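The values are calculated or read from the model by the stated rules, or taken from the named source; none is laboratory data. Model, not experiment: these values are computed from the prediction. Remember, those area values only see protein heavy atoms, side chains included, never the ligands or the DNA or RNA. Shrake-Rupley method; radii C 1.70, N 1.55, O 1.52, S 1.80 Å.
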Amino acid sequence: TVVGWGVLAPLAKAEGWADGPIHDVATGARGWLLWVSLAIMLADSVVSLVLLSAKVLLQTLRSNGQDVEEELDPAPPNQQITWQIWLPGLLSASLLCTAILSPMFDMSPFELAVAVLFSLLVAVLAVRALGETDLNPVSGIGKVSQLLFAVVSPGNVVANLVAGAVAEAGAISAG
């Protein structure tokens, strides 16, 4: 907060990046700080996810086929959910999401697949943020997914809003 409002906001105002009133979300430093902080949180989560995935992959490769799941998951085996349960559930939910939203909002299955995959990534972000701060940044996650969809489907406002809703739903469900 001190760095954001004490250093970055005056810098953004002086450089003309946020030339509106300070507390204006659209043109002021408040909106500029929001996007910068969301980008930092998202980058941190993606890097953490990549590092965790690399750690799991390395442990699996070093185990020579031995079971390393017990080391990675602190929950007792009777409380763990196996992939035979969560993978079909994930695929079923993704297909149901595509079957309903595609004709309803005239979106391609590719766009919905990107939205679902992105919602999986932001679910990790939501869980981490919730664990560290006791706050689930759901609205920020929706905004970040809308930024992504400005690239995936430029000019398609409906796809942009639906992708934001799918990502927010993933964040709410995870947190």
* When the Kirkwood hydrodynamic radius is evaluated over all pairs of different C-alpha atoms of the range 102-148, what value in angstrom, to one decimal, is obtained? -> 11.6
* To do: Give the Rg/Rh ratio for the range 80-133, taking Rg as the radius of gyration of the Cα atoms and Rh as the Kirkwood radius, to two decimals.
  => 1.08
* Normalising by the residue count of the chain, find the relative contact order in percent from Cα pairs under 8 Å and 6+ residues apart. => 17
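Please label the shape of the chain as rounded, prolate or oblate, based on the square roots a ≥ b ≥ c of the eigenvalues of the alpha-carbon gyration tensor (a/c under 1.5 means rounded; beyond that, a/b larger than b/c means prolate, else oblate).
Cα axes put the chain in the oblate bin.
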* **Percent RCO, i.e. relative contact order, over the range 71-175, from Cα pairs under 8 Å lying at least 6 residues apart** => 30
* To do: Could you tell me the accessible area of Leu34 in Å² (1.4 Å probe, neighbours in place), rounded to the nearest ten?
  => 60
* Where a ≥ b ≥ c are the square roots of the eigenvalues of the C-alpha gyration tensor, would you call the range 90-175 rounded, which needs a/c under 1.5, or, failing that, prolate if a/b is larger than b/c, or oblate? -> oblate
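Could you work out the helix-only [θ] at 222 nm for the chain, with each DSSP H run of four or more residues adding -39,500 (n - 2.57) and the total divided by the number of residues, to the nearest 500 deg cm²/dmol?
Only helices count here, giving -24500 deg cm²/dmol.
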